[in-house]
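Read the figures in this text as sums done on the coordinates, not as results from a lab. Bear in mind that the values here come from a model prediction, so they are computed numbers and not experimental data. With ideal geometry, Cβ positions are generated from the backbone for all residues, glycine too; neighbour counts draw on all protein chains shown.
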Amino acid sequence: SGFRASRNTSRPASVSFEFFPPKTPAMEETLWASIKRLEPLSPAFVSVTYGAGGTTRERTHTTVKRIVDETPLRPAAHLTCVSATKGEVDDVIRSYLDAGVRHIVALRGDPAGGLGTRYEPHPEGYASTPALIEGIRAIGDFEVSVAAYPEKHPESDSFAVDIDVLRQKVDAGATRAITQFFFDNDVYFRYLDKVRGAGINIPVVPGILPVQNFRQTAAFAERTGAHVPAWLAHRFDGLDDDAETRRLIAAAVAAEQVFDLVDRGVTDIHFYTMNRADLVYAICHLLGLRPPATIQQATA
Ligand code: FAD
């Protein structure tokens, strides 16, 4: 099993953490406590999402800027094409350049009418993710990451279309893909085979979602097209009123998933933190990641 095989040596070579911009002062406090808690684990980068329809433009920028100013972390700013002219999007890109940010997660974004409605590009906006990536690259020397979907994008009829879109994103300059969350690692490896089979060689970093709340996650998974296996539901069965045990199970489940990925050759892991440090910190600890001071003590 994954646990047994990885007890000795295997650990991810690099981790990254995703946050969302806070809506209230209380949420901002939680976020910053989480960033400070996770900072000593030296993530390769931390990313900050962009609200649906560009609703968090200011808050995303403020959060990313504060990460630059107050931490040694390398932030990646998410950016979408939705509901904005090219000029407006370019202004956002330039403001990141000025702030010292060098990594953007380039996305199309969800339809302005919400999931399930048809995506219509803004008439004066970037029409697609590859177009946005070209826009970013024309403005500055940014590293560009993009999204990938091991279970297909919900709008997509076939993997072939999805993988062709991924190829277009790579051709436009993307150097890393981060996946939508998934729970069945075989799904990820089958997808990776398809991507490699299509001659796409950029890292496809698994996005791991620790299940803080099973019901919420199941509802969210339904919208994003991620399959929730019966065994996962079974693990959380009967715990609806027991948040404490749910959290312990969540750490164990996510650590087990990552151990198995690492055993099967994955080197980089991206965590959807939901702005909470505790689970992700515990999972990283299980995976053998330590703050630098602890490593020195342990080997002294
Ligand atoms: P793309 O990869 O460009 O396209 C998605 C799909 O649309 C394709 O796979 C294909 O099925 C179809 N498609 C696109 N172009 C064509 C074409 N030319 N011909 C035929 N079909 C086509 N959303 C936010 O609003 N803010 C965020 O910060 C954010 N961060 C995310 C981070 C990650 C890691 C992931 C996985 C998703 C994130 N999303 C975010 C969600 C994302 O915006 C939605 O999934 C959106 O619907 C698609 O965006 P995309 O960049 O993946 O689109």
Karplus ³J(HN,Hα) for the stretch 200-206 (6.51 cos²θ - 1.76 cosθ + 1.60, θ = phi - 60°; Hz, whole; x = Gly/Pro) runs 8, 10, 6, x, 10, 7, x
Taking the stretch 49-151, the whole-percent share of alpha-carbon pairs separated by over 25 angstrom is 16 percent
Cα convex hull volume per residue for the chain, in Å³, equals 144 Å³
For the chain, the dipole about the Cα centre with charges only on Cβ (Lys and Arg +1, Asp and Glu -1), to the nearest 20 debye, works out at 600 debye
Scalar couplings 3J(HN,Hα) for the stretch 229-239 by Karplus 6.51 cos²θ - 1.76 cosθ + 1.60 (θ = phi - 60°), nearest whole Hz, x for Gly and Pro, are x, 4, 4, 6, 4, 4, 5, 9, 4, x, 10
XL table Lys65/Lys86; Lys169/Lys194; Lys23/Lys65; Lys65/Lys169; Cα-Cα > 18 Å flagged, in table order, is Lys65/Lys86; Lys65/Lys169
Sequence order, the stretch 183-198: Karplus ³J(HN,Hα) from phi using 6.51 cos²θ - 1.76 cosθ + 1.60, θ = phi - 60°, Hz rounded, Gly and Pro as x, gives 10, 9, 4, 4, 4, 5, 5, 5, 5, 4, 4, 5, 5, 5, x, 8
For the stretch 241-290, the Debye formula with one identical point scatterer on each Cα and no solvent gives log10 I(q)/I(0) at q = 0.13, 0.15, 0.17, 0.22 Å⁻¹ as -0.31, -0.40, -0.51, -0.82
The simple spin-label model distance between Lys23 and Ala293, using points 7 Å out along Cα→Cβ, in nm, is 3.6 nm
Quick calc, Ser95 & Ala218: beta-carbon distance into FRET formula, R0 51 Å, rounding 0.05, result 0.85
To the nearest 0.05, the calculated FRET efficiency linking Ala198 and Arg37 through their beta-carbon distance, R0 being 45 Å, is 0.70
The answer for trypsin sites (Lys or Arg not before Pro) in the stretch 107-189 that fall in a DSSP coil and have at most 12 neighbouring Cβ atoms within 10 Å is Arg118
Summing +1 per Lys or Arg and -1 per Asp or Glu among the other residues with Cβ less than 15 Å from Asp237's Cβ gives 0
Quick calc, Ala127 & Leu239: beta-carbon distance into FRET formula, R0 35 Å, rounding 0.05, result 0.20
Residue span Asp263 to Thr175: 0.36 nm per residue of separation minus Cα-Cα distance leaves a gain in nm of 29.3 nm
If amide H atoms are modeled at 1.01 Å from N in the peptide plane, then the residues at a separation of 5 or more from Gly51, or on another chain, having amide H under 5 Å from its own are Thr56, Arg57
The stretch 165-300, convex hull of Cα, quarter of hull surface, nm² -> 10.2 nm²
The rounded separation in angstrom of the Cα centers of the stretch 77-130 and the stretch 35-66 is 16 Å
Each label sits 7 Å from Cα toward the beta-carbon; between His227 and Leu248 the label points are separated, in nm, by 3.1 nm
Under 5 Å from the placed amide H of Ala148, counting only residues 5+ away or on other chains, we find Ile178, Thr179, Gln180
Between His103 and residues 5 or more places away or on another chain, the pairs with built amide H atoms under 5 Å apart involve Ala77, Glu143
